[in-house]
Amino acid sequence: MTTQGIRARVRVDARGTATVRTLIAHPMQPEERDAGGVLLEAQHIIEEVSVTLNGETVLTLACGQGMSANPLLTFALHGVSRGDEVGIAWRDNRGQSDSADFTVA
């Protein structure tokens, strides 16, 4: 399954190391207050990104308001073969979430 919210490219080398580049569409809005401390806009951020390899969780990333809007993440996974499935999912502080699965090329 692929979605508009998560795009990724997964490439594996001869040693079984996959490089995963993923772009997650999310506003990552930090909390804003005026000079008097009145809340202008509530925080809207991704709290957690999880990565699975063939259904088994291999990476969990705790996120915060320091992450940019539409975050681009790059990481390596070891012991990967062509045809394996990499799943990427996120959950934010407002209860929204998205997930997508990608086949290793």
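FYI, it's all coordinate maths here, none of it is from the lab. These figures come from a predicted structure and were not determined experimentally. Methodologically, a virtual Cβ is constructed for each residue, glycine included, from the backbone with ideal geometry; neighbour enumeration extends over all protein chains shown.
What the table shows:
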read-out	value
Net dipole in debye of the chain [+1 Lys, Arg Cβ; -1 Asp, Glu Cβ; about Cα centre; nearest 20]	460
Inter-label distance for S50 and D101, nm, one decimal - labels placed 7 Å from Cα along Cα-to-Cβ	1.5
Order of V80, V104 under a 10 Å beta carbon neighbour criterion, fewest first	V104, V80
Selection from V86, S97, L59 lying farthest towards where the dipole of the chain points positive, charges on Cβ	V86
Potential extension, R94-T74 segment - 0.36 nm per residue separation minus Cα distance	4.7 nm
Dipole magnitude of the range 49-105, debye to nearest 20 (Cβ charges: Lys/Arg +1, Asp/Glu -1, about Cα centre)	160
Expected-Rg normalisation [2.2 N^0.38 Å, Cα atoms] applied to the chain	1.24
Value of relative contact order over the chain, rounded to a whole percent, pairs C-alpha under 8 Å and six or more apart	34
